[in-house]
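Written below as C-alpha cells is the structure these notes are about.
The values are calculated or read from the model by the stated rules, or taken from the named source; none is laboratory data. If you're wondering where the values come from, they're calculated on a predicted model, not measured in any experiment. Cβ placement follows ideal geometry from the backbone for every residue including glycine, while neighbour counts extend to all protein chains displayed. Side chains are part of the model used for accessible areas, which takes the heavy atoms of the whole protein and leaves out ligands, DNA and RNA. Shrake-Rupley method; radii C 1.70, N 1.55, O 1.52, S 1.80 Å.
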Amino acid sequence: MGLAMQIFSILNSKHWILYNKIIMINFDDFSKIELKVAKVVTVERVDGSNKLLKLQVDLGEFGMTRQILAGIGKVYAPEELIGKQIVIVANLE
C-alpha cells in the first residue's frame with residue numbers, strides 16, 4: 001500500500017475505501033500540500049443531493065472559518081460530525 005493510500009486510510013478510518021488506481025506524487029509536490037486540523041462547527045445537507053454535506057469548519061487561526069463541501073452524506077449523518085476534528089487540505093483551489 002502506497003503512502004497516499006495509507007494517509008487516505010487513516011483520514012477515512014470509519015470506512016476503508018480502496019481505489020483501483022492511486023496517483024503517486026513526488027515529495028516536492030507533497031511538500032506543497034498544507035494539511036490543517038479543523039473543528040466541524042455546523043453541518044447541513046445540500047438540497048437535491050443525498051451525498052453532499054456542507055460543513056463550516058473552524059481552523060482556530062484568528063477565528064478563521066471555512067466552508068467545505070464533502071461527498072460523505074451516505075456514510076455520515078450531519079449530527080455525527082459536529083464537534084469532530086478533521087484534516088483538510090487548506091491550500092486546495
Report summary line: Apart from one, (1) modelled with pLDDT under 95; (2) open to solvent by 40 Å² or more (accessible area, probe 1.4 Å) all hold for ILE88; the odd one out is (2)
Report summary line: Restricting the range 48-69 to residues that are in contact with a Lys or Arg (Cβ under 8 Å, 6 or more places away or on another chain) and of a type in the set (A, V, I, L, M, F, W, C), the one farthest from ALA38 (Cα to Cα) turns out to be LEU52
Query - Any chance GLY60 is at pLDDT 95 or above, of a type outside the set (Ser, Thr, Tyr) and outside any strand (DSSP E or B) - result: no
Query - Members of the range 62-83 found to be open to solvent by 70 Å² or more (accessible area, probe 1.4 Å) and over 13 Å from the mean Cα position of the chain (by Cα), listed by number - result: PHE62, MET64, THR65, LYS74, GLU79, GLU80, ILE82
Query raised in the report: When only residues in the range 20-53 that are polar (S, T, N, Q) and modelled with pLDDT of 90 or more count, which is most open to solvent (accessible area, probe 1.4 Å)?
Result: ASN50
